[in-house]
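Note sheet for the following structure.
The values are calculated or read from the model by the stated rules, or taken from the named source; none is laboratory data. Not measured: the values here are computed from a predicted model. Here Cβ is always computed from backbone atoms with ideal geometry, including for glycine, and neighbour counts include all displayed protein chains. Heads up: the accessible areas ignore ligands, DNA and RNA and are worked out on the full protein's heavy atoms, side chains in. Shrake-Rupley method; radii C 1.70, N 1.55, O 1.52, S 1.80 Å.
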Amino acid sequence: IRVCSPVASPRCIKQLVELSDYSSEIEAAGVSVVVILNEEPEDLASFELKYDIPYLMLADVDSKVIRQFGLFNTNYEPETRYYGVPYPGVFLLDENGVIVKKLAEESYRERPLFSELVKAAQTLNQQP
């Protein structure tokens, strides 16, 4: 699961587009790629078409799923455009929805490399 905001963040746009290049390799490791975004469904549909996104994007308008995973970013006030965004990062979940691996940095400016994500996905399915 990748969480960010492509409408609000150019960094997220870049990373989501780059994820397209790695998604088939991640899925070949037996890991489904799902991106959770606190955006309107029609905005995500436009984004998917514009950038030819091959993986599942979930519109979490009210940040309910983001909150359930404990990823709601409390650094933004309700009146800001970033309110509702998650802490940026990539999370690997097991079949029960439990986060088993987190690839994230303290600063939103730092992003994990997708080569690290591919390696983590491959390692996840090698565990007993």
| note | Looks like the chain, by Cα gyration tensor root eigenvalues a ≥ b ≥ c and the a/c under 1.5 rounded cutoff (else prolate when a/b is bigger than b/c, oblate otherwise), is prolate
| query | What are the residues whose amide H is under 5 Å from the amide H of G89, where those residues sit 5 or more places off or on another chain and H is modelled from the backbone? | reply | V3
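Find the relative contact order for segment 42-89 and round it to a whole percent, using C-alpha pairs within less than 8 Å whose residues are 6+ positions apart.
26
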| message | Can you give me the % of accessible surface on the chain that is carbon or sulfur? Probe 1.4 Å, all protein chains present, nothing else counted. | response | 49
| Helix 10-28 vs. the chain, principal-axis angle (Cα, 0 to 90°, nearest 10) | 30
| request: Could you tell me whether segment 28-67 comes out rounded, prolate or oblate from its Cα gyration tensor? Rule is a ≥ b ≥ c as square roots of the eigenvalues, rounded for a/c under 1.5, then prolate if a/b exceeds b/c, otherwise oblate. | output: oblate
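Counting Lys and Arg as +1 and Asp and Glu as -1, each charge on the Cβ, what is the dipole of the chain about the Cα centre in debye, to the nearest 20?
Using Cβ point charges on Lys, Arg, Asp and Glu, the chain gives about 320 debye.
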| Which residue fluctuates the most in the chain, going by a Gaussian network model with Cα springs under 10 Å, if the choices are E79, E48, E39? | E79
| task | For K50, go through the lysines and keep the ones whose alpha-carbon is under 29 Å away, minus same-chain ones fewer than eight residues off. | result | K14, K64, K102, K119
| said: Suppose a student asked you for the relative contact order of segment 8-128, using Cα pairs under 8 Å spaced at least 6 residues apart; what percent would you report? | reply: 23
| task | Compute the accessible area per residue over the chain, keeping the other protein chains in place, probe 1.4 Å, unit Å². | result | 60
